[in-house]
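The values are calculated or read from the model by the stated rules, or taken from the named source; none is laboratory data. As the structure is a prediction and not an experimental result, all values here were calculated from the model. Counting neighbours? That spans all protein chains shown, and the Cβs are built from the backbone with ideal geometry, glycine included.
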Amino acid sequence: MNKSFFNKAVNFYNKFVNLLVIVTIPIIIFTLVIAIGIILYDLRLFAAHFVEGELKIEYEEGFKLLIRNILNLFVLIELFRVFLDVIEHHRIRKRQILEAGIVFVVREIILILFEHKTSFTDMFGYAAILLSLGITYILMEKTYLEFKQFQSPFSSRKREEYKGTYRKLKIKKLED
């Protein structure tokens with residue numbers, strides 16, 4: 001009785017999650033299309049300011065808006081990569097979360113620099129966050145490479161050499 005209820009609950013949960021995925025993927029695609037549309041619209045406004053010789057202030061504002069929306073698209077792409085990885089592998093990969101965080105911090109730094117609103121404390125804070133994310137990312141990559149090396153201690157060439165040696169020894173033993 002208990003196992004049956006547990007199996008039914010797990011099946012219901014899996015069906016519910018699959019339904020959410022089916023509903024969410026078109027929303028993700030729609031969001032990306034809208035973001036690209038916004039960028040194209042901003043590009044048109046920027047080009048109109050450039051061609052028509054509008055005021056320099058409006059030209060700079062149009063350029064800042066275009067840059068902001070392009071950087072927003074990059075952040076969206078990183079977040080959607082994380083979401084699609086969750087859908088595909090049913091887990092959250094820390095490396096992709098760190099990549100999304102790094103892209104977001106770099107976006108913020110670029111926007112602050114474009115708006116000329118830099119202060120020492122803000123830049124110091126962003127530098128500290130970026131440094132900590134970068135160090136964490138590097139340490140994760142290092143441990144991942146060590147894990148892969150531990151899983152397969154021999155290169156493919158070395159592995160073939162050992163297989164060849166093993167075959168020779170096996171043949172020699174059979175002949176004896």
Worksheet item: Looking only at segment 1-44, which residues are surrounded by 13 or more Cβ atoms within 10 Å (Cβ to Cβ) and of a type in the set (Phe, Trp, Tyr)?
Response: TYR41
Practice prompt. Determine whether ILE57 is within 15 Å of PHE114 (Cβ to Cβ), in a helix (DSSP H, G or I) and at pLDDT below 75.
Written response: yes
Worksheet item: Of the residues in segment 105-153, how many are over 21 Å from ASN72 (Cα atoms), hydrophobic (A, V, I, L, M, F, W, C), loosely packed, with under 12 Cβ neighbours inside 10 Å and modelled with pLDDT under 90?
Response: 6
